[in-house]
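The values are calculated or read from the model by the stated rules, or taken from the named source; none is laboratory data. Computed from a predicted model, the values in this text were never measured in an experiment. Positions of Cβ are backbone-derived with ideal geometry, glycine not excepted, and every protein chain shown enters the neighbour counts. Ligands, DNA and RNA are excluded from the accessible area calculation, which covers all protein heavy atoms including side chains. Shrake-Rupley method; radii C 1.70, N 1.55, O 1.52, S 1.80 Å.
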Amino acid sequence: MLLTLSRIGAANRVVAYTVHEPANSSSDPVERAEALVFVRDGMNWMAFFFAPIWLLVNLMWIPLLGYIAATALVGAVLELIGLNPAWTTMAILGINLIVALEADSMRRWVLQRKGWKMIGTVSGANTRECERRFFEHWVDEVEVGSQPAPLITEGAIPQ
């Protein structure tokens with residue numbers, strides 16, 4: 001029954017990604033394509049269940065320091081108040097929820113601080129479709145950008 005419930009609306013699900021390129025990208029289209037990073041939009045479940053590990057693995061040092069400071073502060077305040085330890089657990093789960101909801105925004109922020117630029121957005125039914133859609137459009141732009149566009153005068157038939 002759970003599998004059936006999880007499939008409800010699966011055909012209508014859409015995922016969205018932002019596409020980022022390093023500042024010092026190569027002029028070769030293949031090397032540029034390999035360097036691109038797709039950042040998914042939405043809640044990150046791994047960041048919810050394993051927030052500090054997820055931040056560490058993704059090399060997000062400033063957000064990791066913020067997470068450690070926030071959890072330490074909340075833990076200390078709740079300990080001083082003398083609340084049941086279950087409330088501390090709930091508060092830390094709340095912090096993990098915030099991290100999970102903002103994980104992709106933090107990842108974009110870290111990329112931007114490293115000099116990466118966002119070059120587009122794409123959406124589709126799954127990751128593979130999003131990549132295909134982006135690269136179909138991107139290849140056309142790269143090819144048009146590297147060659148001068150043909151001059152079409154009024155009334156002329158393009159060949």
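For this structure, a couple of remarks:
- The set of residues from region 38-57 being open to solvent by 30 Å² or more (accessible area, probe 1.4 Å) and under 14 Å from GLN112 (Cα atoms) comprises just one member, PHE38.
- Any hit, region 53-76, residues being farther than 23 Å from VAL110 by Cα, of a type in the set (Ser, Thr, Tyr) and without any contact (Cβ under 8 Å) to a residue 40 or more places away in the chain: no
- Single match in MET46, MET1 (criterion: modelled with pLDDT of 80 or more and farther than 14 Å from GLY120 by Cβ): MET46
- Subset tally (residues that are in a helix (DSSP H, G or I) and either within 12 Å of the chain's Cα centre (by Cα) or under 16 Å from ASP41 (Cβ atoms) (or both)) for region 112-129: 3
- The conditions of being in contact with a Leu (Cβ under 8 Å, 6 or more places away or on another chain) and either among the basic types (Lys, Arg) or open to solvent by 30 Å² or more (accessible area, probe 1.4 Å) (or both) are not met by MET90.
- Qualifying residue in region 93-111 (condition: open to solvent by 40 Å² or more (accessible area, probe 1.4 Å) and assigned to a loop (DSSP other than H, G, I, E, B)): no
- Filtered by the rule that a residue be open to solvent by 60 Å² or more (accessible area, probe 1.4 Å) and either acidic (Asp, Glu) or modelled with pLDDT of 90 or more (or both), region 122-131 gives ARG128, GLU131.
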